[in-house]
2 protein chains.
Amino acid sequence: MALLSKSCVYGIRAAILMAIKGNEEFISIKDIAKDLNLSAHFLTKILQQLTQEGLLLSHRGPKGGVKFSREPKLIKLIEIVAAIDGLELFEECALGLHGCGTATPCPLHEKWSEHKLVLRRLFETESLEKLADNVQEAGLRLRTLSQLDILEFNKNKRL
Amino acid sequence: MALLSKSCVYGIRAAILMAIKGNEEFISIKDIAKDLNLSAHFLTKILQQLTQEGLLLSHRGPKGGVKFSREPKLIKLIEIVAAIDGLELFEECALGLHGCGTATPCPLHEKWSEHKLVLRRLFETESLEKLADNVQEAGLRLRTLSQLDILEFNKNKRL
DNA sequence: AGTATTAAAGACTCTTTTATCCTAAATTAA
DNA sequence: TTAATTTAGGATAAAAGAGTCTTTAATACT
Ligand code: SF4
Ligand code: SF4
């Protein structure tokens, strides 16, 4: 199990890429998909969710694409996670018990609920812009790697 | 996305139940499944993984069942997670990038790798016995709830 | 020896996630 | 107005996860 679904990871990567490109004009999803080495159709579906949540604005036709509805600086990672995976991760019990109540807490309750909060803060704190800066500084590596890429990487041990 | 797969959660619940029952004799999987309100066949599959990892001993035939290969006191939660879900959660990047290297870290690297460690320590620290005690003190609630149970719960708002 | 009990193993089904493909609707530009 | 471009949306397919069912093998008890 990964922490986030693949869709969510792709969504985050796309958002970081968009933040890097700035938010001046609409960016075509096809271009983003090409940069990330993803299927454009698939990415379209994912970004649709962000559009429906009001995080992105979209525009059809030539010169169309998507852009953030507000400054990337103000958009936190958790907003993207919430739109795609939901907030379950930060709100549910690690043991998956329903009918939670602090009156009769299940095992792990204390430690996990404390931890959930820390995790949540992490995603609430990180803004897209900060991540974008970080990517640029360190040398971008957002691209989904194909099998060939991985072979290449293993040969070169740097990418 | 949940933190742990359902199989893993079931495995942990079963293990806690077993720890509560003590480790004197083999416990029948059918009985555990009944207590947890799970399919016995399904639980068998899950516990098989723990047996194959050497965490449990199994024995067929009448009076057969499973028991821990060592004291529940010594068994940490992470061992069960490792056997069922693997350690990916504690070892992989939150953004799912391959070819990780601290030389050219991807965004989130610092925060997430720090956090991964905390999460790992949490699972490394909690022993089955401690959880079992906790369950008993607070009033056991390991049972998987059926839809009927949930209705019932919502009526009573306590379980 | 024979029967009942129990885990192991594998075939199979159902659901969810991931991914692809095709068509429709909106929009721009010529 | 026509053609090209681009997101939206639905149908479908493939893969993984969750769960069921049947058969087999081991074991204990009579
Ligand atoms: S008691 Fe705590 S850990 Fe258990 S379900 Fe409730 S919040 Fe989650
Ligand atoms: S750079 Fe850090 S976060 Fe990125 S893949 Fe490597 S370990 Fe994971």
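Derivation of every value follows stated rules applied to the coordinates shown; laboratory data play no part. These figures come from a predicted structure and were not determined experimentally. So basically every Cβ, Gly included, is an ideal-geometry build from the backbone, and we count neighbours across all protein chains shown.
Some notes on this structure:
- Shown for A:Val118: label points 7 Å from Cα along the beta-carbon vector, and their distances to the equivalent points in the other copies, 0.4 nm in ascending order.
- Reciprocal of mean inverse Cα separation for the stretch B:31-74 (Kirkwood radius, Å): 11.1
- 3J(HN,Hα) couplings calculated from phi for the stretch B:75-85 with the Karplus curve 6.51 cos²θ - 1.76 cosθ + 1.60 (θ = phi - 60°) are, in sequence order, 8, 9, 3, 5, 5, 6, 4, 4, 5, 9, 9 Hz; Gly and Pro show x.
- The label-point distance for A:His41 and B:His41, in a model that sets each label 7 Å from Cα toward Cβ, rounds to 3.6 nm.
- Two-site FRET efficiency, B:Glu53 against B:Lys21, from Cβ-Cβ distance with R₀ of 25 Å, rounded to 0.05: 0.75
- Cβ-vector label at 7 Å, A:Gln136, separations to other copies in nm: 6.0
- Nearest-0.05 FRET efficiency for B:Asp31 and B:Leu74, computed from C-beta distance (R0 25 Å): 0.55
- Distant-in-sequence amide H partners of B:Ile27 (H built 1.01 Å from N, under 5 Å): B:Val66, B:Lys67
- Cα centroid separation - the stretch A:34-74 against the stretch B:41-70, whole Å: 49
- Copies compared at A:Ser7 - label distances in nm, ascending, label defined 7 Å from Cα in the Cβ direction: 2.3
- Annotation for A:Arg60 and A:Lys6: the two label points, set 7 Å from Cα along the Cα-Cβ direction, are 2.8 nm apart.
- Site pair B:Val118 and A:Glu88 shows an inter-label distance of 2.4 nm when each label is modelled 7 Å from Cα along Cα→Cβ.
- Filter on A:Lys76/B:Lys130; B:Lys34/B:Lys63; A:Lys45/A:Lys73; A:Lys116/B:Lys30; A:Lys111/B:Lys111; B:Lys67/B:Lys116 - keep pairs with C-alpha separation over 28 Å: A:Lys76/B:Lys130; A:Lys116/B:Lys30; B:Lys67/B:Lys116
- Across the stretch B:22-104, the volume of the C-alpha convex hull divided among the residues equals 133 Å³ per residue.
- For the stretch A:40-115, the set of trypsin sites (Lys or Arg not before Pro) satisfying both a DSSP loop assignment and a count of at most 15 other C-beta atoms within 10 Å is given as A:Arg60, A:Lys63, A:Arg70.
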